[in-house]
Amino acid sequence: MRYAVMVEPQRGLAYEDLLCVARTAEEAGFEALHRADHLGSFGAGPERDATEAWTTLAGLARTTTRVRLGVLVSPITW
């Protein structure tokens, strides 16, 4: 059986937190990490700002070596 992790950073997950999740997922043997691509956050304040999907995945790719990275749905028209 294969497992993946899905996160929604627009709910208040900073890049540093996302990096920790990616490293933990890789160390735990998960096959993939997928993230939501929403640019709008739920809630107010800078602690709820959303990170851009492709940019954060590029950053995670510098640090991870085995876990596959992906975006749930890429909103091309935005």
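The values are calculated or read from the model by the stated rules, or taken from the named source; none is laboratory data. Predicted, not measured: the structure shown is a model, and the values here were computed from it. So basically every Cβ, Gly included, is an ideal-geometry build from the backbone, and we count neighbours across all protein chains shown.
Answer with yes or no whether THR77 is loosely packed, with under 15 Cβ neighbours inside 10 Å, in a loop (DSSP other than H, G, I, E, B) and modelled with pLDDT of 90 or more.
Considered against the rule, which asks whether it is loosely packed, with under 15 Cβ neighbours inside 10 Å, in a loop (DSSP other than H, G, I, E, B) and modelled with pLDDT of 90 or more, THR77 comes out as no.
Looking only at the stretch 1-35, count every residue that is assigned to a helix (DSSP H, G or I) and free of Cβ contacts under 8 Å to residues at least 12 places away in the same chain and tell me the total.
Total satisfying the criteria: 5.
So, in the stretch 1-20, how many residues would count as being hydrophobic (A, V, I, L, M, F, W, C), touching a helix residue (DSSP H, G or I) at 6+ places or on another chain (Cβ under 9 Å) and either modelled with pLDDT of 90 or more or more than 18 Å from ALA58 (Cβ to Cβ) (or both)?
Number of matching residues: 4.
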